[in-house]
1. Test of the criteria: in region 209-270, which GluC sites (Glu not before Pro) are in a DSSP loop and have at most 12 other Cβ atoms within 10 angstrom of their Cβ?
2. 7 Å from Cα along Cα→Cβ at both Thr179 and Lys52: what's the point-to-point distance in nm?
3. Using the Cα gyration tensor of region 170-246, with a ≥ b ≥ c the square roots of its eigenvalues, what is the shape: rounded (a/c below 1.5), prolate (a/b larger than b/c) or oblate (neither)?
4. Sort the following peptides by mean Cβ neighbour count (other Cβ atoms within 10 Å, averaged over residues), highest first: 243-254, 196-207, 156-167, 312-323.
5. Could you list the trypsin sites (Lys or Arg not before Pro) in region 162-268 that lie in coil according to DSSP, counting only those with at most 15 other Cβ atoms within 10 Å of their Cβ?
6. Quick check: pseudo-label points 7 Å beyond the Cα along Cα→Cβ at Ile327 and Arg228, how many nm apart are they?
Amino acid sequence: MKRILDFFWPVIGLVAVVWSVKLLFEKLADEAATDEKVRALLEAGGLWSDIKTIAAVIGNKLGAIPAHGYFLAGASTLVAYAALAWYDRIALIHLKRERGISWIYISACSFVTYALSHNIGASVFSGGMVRYRAYSAKGLSATEIAILILLCSYTFAFGTILLLAFVLIGEPQILTPLTSLSAHFSITEHAARIIGFALLGFVALYTIGSWLQLPPLRFRSFELVYPRLPVVARQYIAAPLELMGAAGIIYFALPEQGNPGFFIVLGAFLLSFSAGLLSQVPGGVGVMEAVFLAIMPGMPATAVFAALLVWRLFYLILPMALSVPVILLFERAQLSKALHQERKTPTP
C-alpha cells in the first residue's frame with residue numbers, strides 16, 4: 001500500500017498540473033485576444049508563437065505594476081517569513097527548549113525550511129530534514145523535533161481555519177464561482193456562513209481545551225502535551241500574520257482597477273494555496289491561477305497571472321536562491337566543528 005501511495009500522489013499532482021496549465025493557457029489566450037492586434041497574432045501563429053505573444057502581454061502587466069506595489073509586496077514577504085520563524089519559536093516555547101537558541105538561528109532554520117518545502121513540495125521535506133539537522137545540533141531529540149514539526153504544521157492549519165472562517169462569514173459568495181472548477185463547491189451562501197461559524201467553533205474548542213489544561217495524549221513512549229494558553233495566544237497572532245503577509249504580496253501586485261479588495265484576495269489565497277498543498281504541486285503551479293481566476297472574474301487574467309508571478313518571485317524563488325548559501329554555511333560550520341572535535345579526541 002505504501003508503494004502504491006508513493007506513486008499515487010505524484011500522479012495526482014501531475015494530472016492537476018496538466019489540467020490547470022491547460023485551463024490557464026485558455027484563460028490567458030482569451031484575455032490576450034481582447035486586443036485586436038494580439039488576437040490576429042494568436043490566430044495566425046502556432047503554439048510556440050502564441051506562448052511568446054501571451055508572455056509579452058504578461059510582461060507588459062508586470063511593467064505596469066508601480067514601484068510602490070513592488071515595495072509593499074516585498075514588505076509583505078518580510079512579514080510572512082518573520083511570522084514563519086515565529087512558528088518555530090512558538091514550538092520551542094511549547095517544548096520548553098527555547099533557551100540557548102537565538103532568534104537569528106531560529107529565523108535562518110525556518111527560512112531555509114520553508115524556502116525548500118514551498119518550492120519542492122510539502123511531501124518531500126515537510127521541514128523535517130532541515131529542522132532535524134539544525135535542531136539536533138542544538139541538542140533536541142528526534143521526538144522533540146517531530147513534535148516541533150507537528151506543532152508548526154498545526155499552527156499553519158490553525159491560522160488557515162481561523163481566517164477562512166472570517167472570510168466565509170463575511171464573504172460567503174466567494175465559493176460560488178468555484179463551481180466552474182468542481183461541483184463540490186456548489187454551496188449556498190447560507191451554508192457557507194454555517195461552515196464559517198463551524199470553523200470558529202473548532203477554534204473555540206481548541207482554545208477551551210488549552211484553558212482547561214487537558215491531559216497529554218500518550219502513544220506508547222510518545223507523549224503529546226496539549227498547548228497551554230500562552231502558546232495558543234501566540235498562535236492566534238503568528239498564523240494569521242503569516243497568511244495575511246503572503247496574501248498581501250498578491251494584493252499589492254494587482255492593479256487598483258477591478259481589485260476586489262484584500263478580504264477577497266485573502267480568501268482566494270487561502271483556498272488556492274491549501275489546494276496547492278493538498279495536490280502536492282510545488283508552488284501550487286496552475287492550481288492557484290485556476291482558483292484566483294475563478295474567484296476574481298472581473299480582473300484581467302493577465303494581471304492576475306502577473307501578480308502571482310510576483311508572489312512566486314518574492315515568496316518562492318528569491319527565498320530558495322538565498323537559502324542555498326545558508327545551507328552551505330551551516331554544513332561548513334558543522335563539518336569544521338566535527339573536524340575540530342576529532343582532532344581533540346586522543347588517539348587510543
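1. Working: sites: Glu223, Glu242, Glu256; in loops: Glu256.
Hits after loop and neighbour filter: Glu256.
2. Distance between the two pseudo-spin positions: 4.3 nm.
3. Numbers: a/c = 2.44, a/b = 2.06, b/c = 1.19.
In terms of gyration-tensor shape, prolate.
4. Numbers: 243-254: 23.7, 196-207: 14.5, 156-167: 19.8, 312-323: 17.9.
Top of the packing list down: 243-254, 156-167, 312-323, 196-207.
5. Working: sites: Arg193, Arg218, Arg220, Arg228, Arg234; in loops: Arg220, Arg228.
When the trypsin sites (Lys or Arg not before Pro) of region 162-268 are filtered for loop state and at most 15 Cβ neighbours within 10 Å, Arg220, Arg228 remain.
6. Roughly 3.7 nm, to one decimal.
Read the figures in this text as sums done on the coordinates, not as results from a lab. If you're wondering where the values come from, they're calculated on a predicted model, not measured in any experiment. Quick reminder, even Gly has a Cβ in these numbers, built from the backbone with ideal geometry, and neighbours come from all protein chains shown.
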